[in-house]
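Contents: one structure, followed by commentary.
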Amino acid sequence: MGIVLFTLPLAFFVFSLTLGSYDVGPVDVCQIIWCKLTGQTSSLDSLTVNVVWQVRLPRVCAAALVGAGLSVAGAVFQGVFRNPLASPYTLGVSNGAGFGAALAIVLSLGAAGIQLFAVAFGLAAVALTFLIASRSRRNTVTLVLAGMLIGALFSSLVSLLKFTADPLEKLPQIVYWLMGSLSGSSFEGLAKVLPFYVICMVVVFLMRWRTNVLSLGDQEAKSFGLNVRRDRAIIIGISSMLTALAVSISGIIGWVGIVVPHLARMLVGPDFRKLIPASVSIGICYLLVVDDLCRTLTSSEIPLGVITGIIGVPLFLYFIYRKKVNW
């Protein structure tokens, strides 16, 4: 199973780089990547090299990062909240990030500004959620409820921006961003996010044992000597930042953080030492396939959020029917 989960994302990665209106074979893709990484000169023509390296590779890398990030965050949220319906967006990150991106679009701040505002307001939404829940002893339940309230608040603010935005220029940009897309991916944009993304992933992986214990319940976690409130806050905060970074790359993409963790749990069980790597692997494969469908099914690109919803809802209903929805 481990070898399959390691090699499958690599196969999907190379396959995704071959797809597109310009025909490039998998051997040529591997040759281009190898030559670029080793500094050698490729025997292929410059057009083929540029199509793979400059156009397709940033997009495929973005899909891999977003798929892995949302899947891992979803698995952690479901475990910590002990709720199979929990998702990376439970604490209002998506609506906060959506408001930040919409505000940046209205202010004409460009791609970097949109990315920065999405992360900043996504984290601000989580901070407000923690602030509201900080006075309650029923921390988990209050956190979820506070997240719903903050999410509704930022959703209303996004609607206000859409209502006041220029209907010919700004409004279509806001709507398209909110539906999710990787068409604007670039190495420069990914480089700004990557260091923080890697740090979040490493921390989540290092906290896997504590996540395991927290998923057993507060009393059991205390019996293991954990500081429940502190450890839960760290894990949720890091996972929320991971989500905000993923959303800043792609816009809002639903169902990845709900469906993929359940699929991974079916394969490797609830142990987070195996569940996190499995979620990374399946999340990468899942979003690569979805993005391939988005850019090849029709002549014009379909937003990612549309396809993830169409695939995710029936898949989740199948999990419920087979009684596989648990944490």
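The values are calculated or read from the model by the stated rules, or taken from the named source; none is laboratory data. All values reported here derive from a predicted model rather than from experimental measurement. Here the Cβ is made from the backbone with ideal geometry for all residues, glycine too, and neighbour counts use every protein chain on show. In case anyone asks, the SASA skips ligands and DNA or RNA and just uses the protein heavy atoms, side chains included. Shrake-Rupley method; radii C 1.70, N 1.55, O 1.52, S 1.80 Å.
Give me the pairs, please: first residue somewhere in region 172-193 and closer than 20 Å to Val290 by Cβ, second residue anywhere and open to solvent by less than 20 Å² (accessible area, probe 1.4 Å) and acidic (Asp, Glu), beta-carbon distance under 8 Å, and either six or more positions apart or on two chains.
What qualifies is Leu182/Asp291.
With respect to Pro277, is the statement that it is surrounded by fewer than 20 Cβ atoms within 10 Å (Cβ to Cβ) and either touching a residue at least 12 places away in the same chain (Cβ under 8 Å) or of a type in the set (Val, Ile, Thr) (or both) true?
Details: surrounded by fewer than 20 Cβ atoms within 10 Å (Cβ to Cβ): yes; either touching a residue at least 12 places away in the same chain (Cβ under 8 Å) or of a type in the set (Val, Ile, Thr) (or both): yes.
Yes; evaluated as a whole, the condition is true for this residue.
Hey, among the residues in region 185-231 that are of a type in the set (Asp, Glu) and open to solvent by 60 Å² or more (accessible area, probe 1.4 Å), which one's modelled with the lowest pLDDT?
Taking region 185-231 as the starting set, the residues that turn out to be of a type in the set (Asp, Glu) are 188, 218, 220, 231.
After this cut, where a residue has to be open to solvent by 60 Å² or more (accessible area, probe 1.4 Å) as well, the list is 188, 218, 220.
On the way: Glu188: 90, Asp218: 82, Glu220: 85.
Among those residues, the one meeting the criterion is Asp218.
Give the residues of region 88-110 that are of a type in the set (S, T, N, Q) and buried (at least 24 other Cβ atoms within 10 Å of the Cβ), sorted by residue number.
Here is the first cut: in region 88-110, the residues of a type in the set (S, T, N, Q) are 90, 94-95, 108.
Thr90, Ser94, Asn95 - these are the residues of region 88-110 that are of a type in the set (S, T, N, Q) and buried (at least 24 other Cβ atoms within 10 Å of the Cβ).
Pull up region 129-178, narrow it to residues that are loosely packed, with under 13 Cβ neighbours inside 10 Å, within 17 Å of Leu107 (Cα to Cα) and among the hydroxyl-bearing types (Ser, Thr, Tyr), then point me to the one that is farthest from the chain's Cα centre (by Cα).
Step by step, filter region 129-178, then rank; the result is Thr164.
Being assigned to a helix (DSSP H, G or I), within 30 Å of Val204 (Cα to Cα), open to solvent by 10 Å² or more (accessible area, probe 1.4 Å) and touching a residue at least 60 places away in the same chain (Cβ under 8 Å) narrows it down to one of Leu37, Leu65, Leu70, so name that one. So that I can check it myself, show each step before the final result.
Details: Leu37 fails: touching a residue at least 60 places away in the same chain (Cβ under 8 Å); Leu70 fails: open to solvent by 10 Å² or more (accessible area, probe 1.4 Å).
After ruling out the rest, the residue left standing is Leu65.
Quick one: Leu182 ticks every box in (1) of a type in the set (A, V, I, L, M); (2) part of a loop (DSSP other than H, G, I, E, B); (3) closer than 28 Å to Leu57 by Cα; (4) open to solvent by 50 Å² or more (accessible area, probe 1.4 Å) bar one, so which box is it?
Leu182 satisfies all of (1) of a type in the set (A, V, I, L, M); (2) part of a loop (DSSP other than H, G, I, E, B); (3) closer than 28 Å to Leu57 by Cα; (4) open to solvent by 50 Å² or more (accessible area, probe 1.4 Å) except (4).
Which is assigned to a helix (DSSP H, G or I), open to solvent by less than 40 Å² (accessible area, probe 1.4 Å) and out of contact with any helix residue (DSSP H, G or I) (no Cβ under 9 Å at 6 or more places or on another chain), of Gly283, Gly257, Gly309, Gly305?
Numbers: Gly283 fails: out of contact with any helix residue (DSSP H, G or I) (no Cβ under 9 Å at 6 or more places or on another chain); Gly257 fails: out of contact with any helix residue (DSSP H, G or I) (no Cβ under 9 Å at 6 or more places or on another chain); Gly305 fails: out of contact with any helix residue (DSSP H, G or I) (no Cβ under 9 Å at 6 or more places or on another chain).
Answer to the check: Gly309.
With (1) of a type outside the set (A, V, I, L, M); (2) open to solvent by less than 50 Å² (accessible area, probe 1.4 Å); (3) more than 16 Å from Gly79 (Cβ to Cβ) as the list, and Asp271 as the residue in question, which single condition is left unmet?
If we test Asp271 against (1) of a type outside the set (A, V, I, L, M); (2) open to solvent by less than 50 Å² (accessible area, probe 1.4 Å); (3) more than 16 Å from Gly79 (Cβ to Cβ), just (3) comes out false.
With respect to Ser239, is the statement that it is over 10 Å from Leu70 (Cα atoms) and buried (at least 23 other Cβ atoms within 10 Å of the Cβ) true?
Numbers: over 10 Å from Leu70 (Cα atoms): no; buried (at least 23 other Cβ atoms within 10 Å of the Cβ): yes.
The answer is no for Ser239.
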